[in-house]
Amino acid sequence: YQLDLYFQQSDIVAWTGTVILFNAVFYMAGVFIAMVTGISTVQGVLTYILLLFPAGFSLLIIYNLGMMLYGFPSDYIQARNIEKLTPIVHLSSMESQELSMTGTLVYILILSILYVLSLFIYKKRKVESASEAIAFASLKVIFKYGVAFCTMMFGGMYFDAMENQFGWLLFGYGFGGILGYYVAEMVLQKTWRVFGQVRGLGFFAAAMIIFLLIIQSFAPYEKRVPELNEVKSVTLTNVIHTTQDELIAPQPLKKRENIEKVRELHTEIITNEKQNEQGMEMGEFALFVYELTNGRKMIRQYHIDRTKYEEYFKEIHESLEFKHATHPIFKVEAADVESIRFTDGSMMDKRLMLSDKAEVAEVIDILKKEIENESYDPDFYRRGNRSTIEMKVGEQEYLYADLKNSYKELKGWLENKNLLKQAMVTPDDVDYILVTNESIKEEQHKEFFEQEIFEMVEGDHNTVKVTDKQEIEVALENAGFGWFNEEPYLAIFVYKDGTYKEIRTFSEKHVPSFIKEHFR
């Protein structure tokens, strides 16, 4: 059957060994739990809990530390292959990657430990404990307070995610702790009549209050910004990268003046902690990764409104070092790019492919200059055309960039080659534009279908119709995307080819003057 075209004999051996190893771990986990409990139902539940516990407990701890310690990089840590801490989830990833030798040795060690512990507990276990949920008295205390602690953290995590308010966080801790404590008591005592057991709950509550107060007292952690002479380099990004691909992952900043600017931004964020926890107009992550001169790393993560830190971001983002560190295009040479494809994201679906080496090199050089000369744009919503540039590097690597309206030299190059109309929407593609000052609120956008929006705008007696080519060009350059972002002006772009219509918006800041004048 020529199966060797798809996989080799060595692959079958590796798959067989992996399946046997993981099944042995699952089996010994079940045997170990069977030695601890005398009830088969409890054994089944606790076996799954044991297999998921390392990753689940780590996730609870990391998430809750992120809520209690300002700046704790919970999302950054969660992205560091935390799923490998549980064999059930780890096994699901074996489809795309092989089990390493280190991983194999770790699972063999876990298997051996479970076997030794199971044998030891079996010899120590008393016959009369066969009907108990937990066979050992010392483990009952660990089970009861462990369940209460985990449900307390889960309750806090849930209510924080739902409501994002400190009061609800405390309620989640209290509700989760009480629920977990009494559920554990019911399992241990095999009855629901356990609500009179309040003494142990009181001890648990007191211990947790002290624990939370200790965590909250870590002010030096929250206020720490390394001194300039302590920092070797720093990476500032708003995206948590799960890959270390050099083409994608941002590179650290090493120039002293840029490191100092990042430190100033970091200090200002810490100073405005209370403001940052309130409602945000344009919220995003700010991740700081400091590489210190002593070889250690200091990592902090914040959720901020970037409009409040525009002056800091502007200085950092407009530095050449930052642009070269964060834009993948500066990490490749023009000769390494096989081809370039321009794709327009509108309903026109325009495409332009460049494969001539000379043309590709010209475009890459121009694009690099455009990015180097580009000013910082604090706006959250993208404006203008939505054409993207896809660059193929080697056989399987792809880099992406936007064809922005500010890239005048690149657009001029395309126009001189008579290629601009293939790469992006131009005024010649638009028949007319209808604009109304009746915006669609966020809570309304699910209630309206696009056709209803079209009819609403077309039926509005106050709608302005734009047909002049120059005005259409200005409108194309300033219109945003997403008709539910509550911008004050809603527009329908009607294209000439077919019956294409597109819903876009204008913000108060970027609405063309001729539209603004109409609605005065």
Report task. Quick one: count up the residues across segment 115-147 that are in contact with a Leu (Cβ under 8 Å, 6 or more places away or on another chain) and among the small types (Gly, Ala, Ser). Result -> 1
Report summary line: Restricting attention to segment 458-506, the residues that are acidic (Asp, Glu), modelled with pLDDT of 80 or more and either in a strand (DSSP E or B) or within 23 Å of Gly283 (Cα to Cα) (or both) number exactly 1
Query raised in the report: Considering only residues of segment 395-435 that are surrounded by 15 or more Cβ atoms within 10 Å (Cβ to Cβ) and of a type in the set (Phe, Trp, Tyr), which is modelled with the lowest pLDDT?
Result: Tyr407
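Residues are listed down the side, and each one gets a yes or a no for (1) modelled with pLDDT of 85 or more; (2) within 35 Å of the chain's Cα centre (by Cα):
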| residue | (1), (2) |
| --- | --- |
| Tyr145 | yes, yes |
| Gln197 | no, no |
| Ile215 | no, yes |
| Ala219 | no, yes |
| Thr235 | yes, yes |
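Quick grid of which residues meet (1) over 25 Å from Phe149 (Cβ atoms); (2) surrounded by 15 or more Cβ atoms within 10 Å (Cβ to Cβ); (3) of a type in the set (Gly, Ala, Ser); (4) in contact (Cβ under 8 Å) with a residue 24 or more places away in the chain:
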{"residue": "Gln43", "(1), (2), (3), (4)": "no, yes, no, no"}
{"residue": "Leu50", "(1), (2), (3), (4)": "no, yes, no, no"}
{"residue": "Leu59", "(1), (2), (3), (4)": "no, yes, no, no"}
{"residue": "Phe72", "(1), (2), (3), (4)": "no, yes, no, yes"}
{"residue": "Tyr76", "(1), (2), (3), (4)": "no, yes, no, yes"}
{"residue": "Thr102", "(1), (2), (3), (4)": "yes, no, no, no"}
{"residue": "Leu109", "(1), (2), (3), (4)": "yes, no, no, no"}
{"residue": "Leu117", "(1), (2), (3), (4)": "no, yes, no, yes"}
Query raised in the report: What about Phe171, is it farther than 17 Å from Phe203 by Cβ and out of contact with any Pro (no Cβ under 8 Å at 6 or more places or on another chain)?
Result: yes
Query raised in the report: Hey, among Ile210, Ile259, which residue is surrounded by 15 or more Cβ atoms within 10 Å (Cβ to Cβ) and either touching a Phe, Trp or Tyr at 6+ places or on another chain (Cβ under 7 Å) or more than 29 Å from Glu397 (Cβ to Cβ) (or both)?
Result: Ile259
Report summary line: In segment 157-211, anything touching a residue at least 60 places away in the same chain (Cβ under 8 Å) and farther than 30 Å from Ser74 by Cα is listed as Val187
Query raised in the report: For segment 198-224, what are the residues that are over 16 Å from Phe175 (Cα atoms) and not in a helix (DSSP H, G or I)?
Result: Ser217, Phe218, Arg224
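Given segment 57-125, what helices (runs of 4 or more DSSP H) lie entirely inside it while holding 1 or more residues that are at pLDDT 85 or above and within 30 Å of Phe285 (Cβ to Cβ)?
The qualifying helices (runs of 4 or more DSSP H) are 74-78, 87-92.
The values are calculated or read from the model by the stated rules, or taken from the named source; none is laboratory data. Keep in mind that what you see is a predicted model, and the values were worked out from it rather than measured. Neighbour counts are summed over all protein chains in view; Cβ atoms, including those assigned to glycine, are modelled from backbone coordinates with ideal geometry.
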